Structures are given as C-alpha cells and as structure tokens.
1. Add +1 for every Lys or Arg and -1 for every Asp or Glu among the other residues with Cβ under 12 Å from the Cβ of LEU154, and state the total.
2. Find, to one decimal place in angstroms, the Kirkwood hydrodynamic radius of the range 75-160, where the mean of 1/r is taken over every pair of different Cα atoms and then inverted.
3. Extension gain LEU137-VAL73, at 0.36 nm per residue separation less the Cα-Cα distance, in nm?
4. Calculate, for ASP28 and ALA60, the FRET efficiency according to 1/(1 + (r/R0)^6) with r their C-beta to C-beta distance and R0 35 Å; round to the nearest 0.05.
Amino acid sequence: MQVGRFTTVLIVALALQAVTGVVGAAFDIIKYAGAAYLVWIGWGYLTSRHGIAIDRPVSARSPLQQAASGFFVLWSNPKALIFFGAFLPQFVNPHYPAWPQVIVLGLIEMGAGLVVDSTYIYLAAKARGALGDGRVLVVNRIAGVMLIGAALWLALQHQA
C-alpha cells in the first residue's frame, strides 16, 4: 500500500503543480471540492448498514502477493487519488512551488499511515471476533461525524 500511496502522491503533486501554475484560484476550488468529498464519505459512514464477516475463510499468500494486492487495491480505488488530491493541497503554501510541498506532505501521510495501518491491522486481527455488527455501526457513525467535521473545518480555512 505504501508504494501505491507514494505513486498516488507523485501524481497529485505533478497535477497540482500544473493546475496551480495556470490558475491560482484552483486552491479554493480544490478546497471546496475536497470538503464536499469528505462530507460525501462521512455521510456514507453515517448511513452505512454494513457489518463484518467473521466466518470468511482466509487463504495464505506470499509477501509478494500481499504487496501486489495492496498496491492494486489502492490503485483500483479512485477514492485514494481523490482523497490525496483533495486533502494534501489544503496545507500547501501557494507562494511556493506546490509539488515539493505535496511530496513532503505525502511522505508524512505515508509515515503516519504506516504506523496507523500496522496498528489497526494488528488490533483487528486480535479482536476480530469481539467486534460485532452493532459495534461496527457505532464506529462507522463516529467516523462519519469526524469526516464531516473535518470537511467543515477545511471549508472554513482561509489560505494566507
């Protein structure tokens, strides 16, 4: 997933540099589009009725197969590209070139993602049977509220 994340960050950095080089107002458009996207994801969590499948068989895969799977899962989901494209530019100073800032921000996100992903994968594997559908729905509701709150915060930010 980290390789997929890094290639996504590179695409966003190059695209953002091209867009902001042509239109300085693109930051506001990206900000509001990003906020709208976060509201959409948050609403999806709030209205989700999905639980988890406890009894699904798990097949053994090699580390290379797992790495390829993570890469292709990330790249087959356009939400990852949209997320990076909507979220990272919020923290870019428009007075400096965008692409190096996006690369640094992306690397920071990747580091945080590696720690968080590793932690929740470990905890999820240990607690898989303890988290029933009712608790999953509560977690979804909390995530939805947090994402909508983040969208409101982003929309109200003013670029210096």
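Throughout, read-outs are computed from the coordinates displayed, never taken from laboratory work. Predicted model only: the values in this text are computed from it and were never measured. All Cβ positions, glycine included, derive from the backbone under ideal geometry; neighbour counts span all protein chains shown.
1. For residues surrounding LEU154, the net value is 0.
2. Final number for the Kirkwood radius of the range 75-160 is 15.6 Å.
3. Length gained between LEU137 and VAL73: 20.7 nm.
4. It comes to 0.10.
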